[in-house]
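To keep things clear, I will list the structure first and then write my remarks on it.
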Amino acid sequence: MSDVNAFIALNRFGLGARPGDLETVVADPVGWLRAQVSTHAALAPALNDQLSSSDIVKDIFSVRKKKDKDLFNKTKKKYRKHFKSELARRMGHTVTTETPFAERMVAFWSNHFTVSRTKAITGPILPAYEREAIRPHVFGKFEDMLQAVTGHVAMLSYLDNTRSIGENSVRGKRRKKTMNENLAREILELHTLGVNGGYSQNDVMEFAKTLTGWSFGGVQSRKGKNKKPIHGDFEFFDVTHEPGSKTILGKTYQEDGVNEVKQVLTDLASHPSTAKFIATKLVRHFVSDDPPASAIRQIEDVFMRSGGDLAEVSSALISLPEVWGDPIPKIKTPYELNISVLRAVDGKRIPSYVLAKGLISMRHDPFNAPSPAGWPDVASYWMSPEALMRRIQWMKTVSTRISGAIKPEILLEQTVAPVASEQLRLMIAGAPSADVGAALLFASAEFQRR
């Protein structure tokens with residue numbers, strides 16, 4: 001029987017075993033994981049031929065300027081189709097990747113820096129946002145990811161920073177506009193310090209002042225001599241930036257235009273509260289819903305000592321004794337469950353529309369988290385009686401589609417054998433058909449948990 005540590009490596013850190021993975025990983029589970037801690041592993045070259053967020057935003061705003069309703073509707077339809085196509089490509093990569101630990105970390109950080117499909121401009125560019133602002137930094141410096149995310153058109157639009165105008169700015173005085181504090185608040189509460197990280201409402205307001213002017217090309221009107229070509233990249237508008245010094249967490253930042261935010265983010269990235277907040281989320285994700293304090297302290301220390309080096313933090317997670325204890329303490333999210341089923345059956349006979357329908361039915365529609373806090377990482381959110389029934393129904397649907405391509409007993413040996421109970425083995429052996437046997441496996445605690 002395959003080793004339990006191989007199962008943990010493939011499921012706790014990975015995304016589920018493919019045929020042959022248990023036999024490959026069993027020799028050195030820790031080494032297999034450490035080999036994936038590299039920037040290249042997270043980049044997904046297979047997705048690089050997709051449109052950039054800049055190209056998409058430029059196209060959408062150029063069409064808006066033409067004020068042609070039919071053309072605009074056609075453009076929206078085009079990008080809805082593009083979004084679905086890239087989601088399918090993204091899922092295909094996740095199912096076939098040789099570096100599933102890297103892919104899990106991409107998903108973790110993408111959820112940490114959530115942007116949802118709640119605005120017309122954000123929906124089409126979310127896969128690009130993940131490729132551009134998250135993937136390159138998964139095993140780099142936390143500060144670099146924070147800077148990239150904050151200045152990305154997706155985040156600036158999602159949290160309404162494009163509408164934030166300093167009261168004493170050139171435009172603020174003329175139009176009597178006010179600031180929007182959404183982005184400032186969420187960076188402090190959700191991205192860095194945490195809700196109990198020691199900041200005040202005044203810190204939020206002062207930080208919001210530094211963020212005024214952070215926008216992207218095309219969103220601001222341009223007339224006369226100030227008219228410029230529409231583009232979809234970051235742009236700083238000094239006419240909406242609140243002038244003067246700002247004091248945040250007891251430190252005064254002198255007026256420095258676009259650089260003020262960069263300086264604040266640098267300090268937030270290295271703050272002890274940020275280290276504790278990030279460590280807590282990581283330990284909750286990899287150890288248990290109730291993260292042990294000793295493990296949090298270890299990751300927190302590595303984060304601070306390394307200056308937020310996420311490669312070192314990821315390696316420290318692999319070294320935690322707690323992750324090699326209970327093999328199935330965490331419930332898989334519907335998306336993780338989806339991916340692990342696909343990996344188990346080598347992607348056979350399950351059309352993308354079936355997968356999408358299953359995720360929607362289980363309330364885990366990709367890039368559509370219910371709030372800027374992202375998808376919760378605790379079983380209580382995912383395992384209500386209704387949610388459990390939806391999972392079971394989806395397991396039946398999938399099992400029917402693949403019944404001719406697999407043998408349940410073999411599937412068990414290739415996936416959950418190291419932790420399979422005797423009861424599960426007997427149930428699958430006695431199943432009246434392949435689809436019932438597969439459904440029993442996929443619905444089992446051994447498969448539903450990681």
Amide H to amide H, which residues 5 or more places from Arg449 or on other chains are under 5 Å from it, using H placed in the peptide plane?
Lys332
Loop-resident trypsin sites (Lys or Arg not before Pro) in the stretch 127-207 with no more than 14 other Cβ atoms inside 10 Å, DSSP not H/G/I/E/B, are Lys176
I'd like to know how the stretch 164-293 sits against the 2.2 N^0.38 Å rule of thumb: what's its Cα Rg over that expected value?
1.24
Suppose we keep just the alpha-carbon trace of the stretch 369-450; what are its Rg and Dmax in angstrom?
14.4, 46
Please state the charge dipole magnitude for the chain, taken about the Cα centre, from unit charges on C-beta atoms (+1 on K and R, -1 on D and E), reported in debye and rounded to the nearest 20.
2740 debye
Violating pairs (Cα-Cα greater than 20 angstrom) within the set Lys65/Lys228; Lys69/Lys119; Lys176/Lys209; Lys58/Lys228; Lys119/Lys228
Lys119/Lys228
Would you kindly state how much longer the chain becomes between Lys76 and Asp3 on full extension, computed as 0.36 nm times their sequence separation minus their alpha carbon distance, in nm to one decimal?
21.3 nm
Could you list Met105, Met205, Met91, Met389 in order of exposure, starting from the residue whose Cβ has the fewest other Cβ atoms within 10 Å?
Met389, Met205, Met91, Met105
Please list the radius of gyration and Dmax for the stretch 33-146, considering alpha-carbon atoms only, with Å as the unit.
15.6, 53
Between Met427 and Arg34, Cβ-based FRET efficiency (R0 30 Å, step 0.05) works out to 0.25
When only alpha-carbon atoms count, how far does the chain stretch along each of its three principal axes, as whole angstroms with the largest first?
77, 55, 38
So if R0 is 30 Å, what FRET efficiency would Ala293 and Ser371 give, r being the distance between their Cβ atoms, rounded to the nearest 0.05?
0.65
Give me Rg over Rh for the stretch 250-305, both radii from the alpha carbons and Rh done the Kirkwood way, two decimal places.
1.17
Compute the normalised compactness of the stretch 132-181: alpha-carbon radius of gyration over 2.2 N^0.38 Å, N being the residue count.
1.50
Which value in nm describes the separation of the simple spin-label points at Lys251 and Ala120, placed 7 Å from the Cα toward the beta carbon?
4.0 nm
Over the Cα atoms of the stretch 332-418, what radius of gyration and what Dmax do you get, in Å?
13.8, 42
Using alpha-carbon positions, what is the distance between the centroids of the stretch 97-142 and the stretch 151-218, in Å?
22 Å
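Quick note: the coordinates plus some simple rules give every number you see, no bench work behind them. Treat the numbers as computed from the prediction; the structure is a model and nothing was measured. Here Cβ is always computed from backbone atoms with ideal geometry, including for glycine, and neighbour counts include all displayed protein chains.
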